[in-house]
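My questions will all concern the structure given below.
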């Protein structure tokens, strides 16, 4: 009777675990990164078929063949329903192989714990059910952590306490399931089977719920970071257009008096005051130059940023020398352009404004083959302070995460940033593959 009950229990739990395993894989593909969206019933049908295929392969195939079937099914579903970029075929393959390795390690660790702590299972079926259940809980945690670590490039740091809170429930679930399975070895009635299944289903649902909450935290951090970038860009654009409005009013005044200015210059020449006339003319040119917005690049956002930082540099008597070649940066979105150039130029101005001499910043943007190359060099009086692998900000109450944000943004475009400095200069060299080619 007990053996029959265990067999029935094993079949039910294996079916539940198959559904749970499919959920983990589908959840990963939906949250990793996708560019395909269809009606929900497509995914429901795919979910059911995927589960059936995996179940049949577990029953009739060996471990290696089962792994091959799982990989093939994942690649097909992922490519057809979630992301059809060819590179994601490799990502999905690596993900399933990683899970398989993780499962092997998890079972090995579980066996070692059972051996060292005298946890005995008198039935091989019960041990198999227990280890399979534990592996799926571990898989869910590993899969979610993998997604969060991947997305960490775009979000603020997740604290160790948040990671610990996330792992508490899976660890408790594993302990709880193991205890339950040891208990059912002594006696197993129909009521016990029902109660056990309710407990397992409840634990599975609770784990999914908690991991969703943890993922929401990381998503909120990402949105918070994006909001800060929007605010930064909005502030730059507001100052830019406020400056345009001010210059427009001044230009109307100058245009209104242009006749008087021309008459003054003409009278100075008539009086043979050539030097005064030339100086007056230069002053007029300087006045016109201050009224105009310089055109550095065809990229509107970058042009706004450079003009804004140019004015900021002037307020600190810093020379900002800018040269932009014929570079197409349409593949970089506006928010990321703001992150890269605002942070780098702000850092350069902040570093240079206190220099005792040679207050100069050089910005060079050009293309080399299929790469966008950005070089920013600024003068300084003393080498920057470095701690915990990052440069410390000299600004009061400032975390000094500007370069970290730039680095994370560049990773989205597979770009590289190299920093060089000595006692007098600080150089940032950036190379970004042009994805338009």
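Taking the stated definitions as given, is residue 73 touching a helix residue (DSSP H, G or I) at 6+ places or on another chain (Cβ under 9 Å), assigned to a helix (DSSP H, G or I) and either on the phi > 0 side of the Ramachandran plot or in contact (Cβ under 8 Å) with a residue 24 or more places away in the chain (or both)?
So residue 73 does not fit the description; no.
Within region 1-34, work out how many residues are modelled with pLDDT of 80 or more and either part of a helix (DSSP H, G or I) or touching a strand residue (DSSP E or B) at 6+ places or on another chain (Cβ under 9 Å) (or both).
Total meeting the criteria: 22.
Follow-up. Got a number for residues in region 76-101 being assigned to a helix (DSSP H, G or I) and either surrounded by 13 or more Cβ atoms within 10 Å (Cβ to Cβ) or in contact (Cβ under 8 Å) with a residue 60 or more places away in the chain (or both)?
Residues in region 76-101 being assigned to a helix (DSSP H, G or I) and either surrounded by 13 or more Cβ atoms within 10 Å (Cβ to Cβ) or in contact (Cβ under 8 Å) with a residue 60 or more places away in the chain (or both): 17 in total.
Still on this model: Go through (1) loosely packed, with under 15 Cβ neighbours inside 10 Å; (2) free of Cβ contacts under 8 Å to residues at least 12 places away in the same chain; (3) in a helix (DSSP H, G or I) for residue 37 and report which single condition fails.
(3)
Which of the following residues is touching a residue at least 24 places away in the same chain (Cβ under 8 Å), in the same structural domain as residue 406 (by TED's automatic domain parsing), crowded, with 19+ Cβ neighbours inside 10 Å and not in a helix (DSSP H, G or I): 340, 349, 332?
Matching residue, one of 340, 349, 332: 332.
Quick test for you: out of 314, 357, pick the one residue that is assigned by TED's automatic domain parsing to the domain that holds residue 423, exposed (fewer than 15 other Cβ atoms within 10 Å of the Cβ), without any contact (Cβ under 8 Å) to a residue 24 or more places away in the chain and not in a loop (DSSP other than H, G, I, E, B).
Unique residue meeting the criteria: 314.
Please pick out the residue among 431, 406, 373 that is closer than 25 Å to residue 235 by Cα and either at pLDDT 75 or above or not in a helix (DSSP H, G or I) (or both).
Within the list 431, 406, 373, the selection yields 406.
Moving on to the next point. Looking at (1) at pLDDT below 85; (2) not in a helix (DSSP H, G or I), which is the only condition residue 297 fails?
(1)
Would you confirm, using the coordinates I've provided, whether residue 102 is over 27 Å from residue 211 (Cα atoms) and in the same structural domain as residue 178 (by TED's automatic domain parsing)?
The answer is no for residue 102.
The values are calculated or read from the model by the stated rules, or taken from the named source; none is laboratory data. None of the values given here were measured: they were computed from a predicted structure. Positions of Cβ are backbone-derived with ideal geometry, glycine not excepted, and every protein chain shown enters the neighbour counts.
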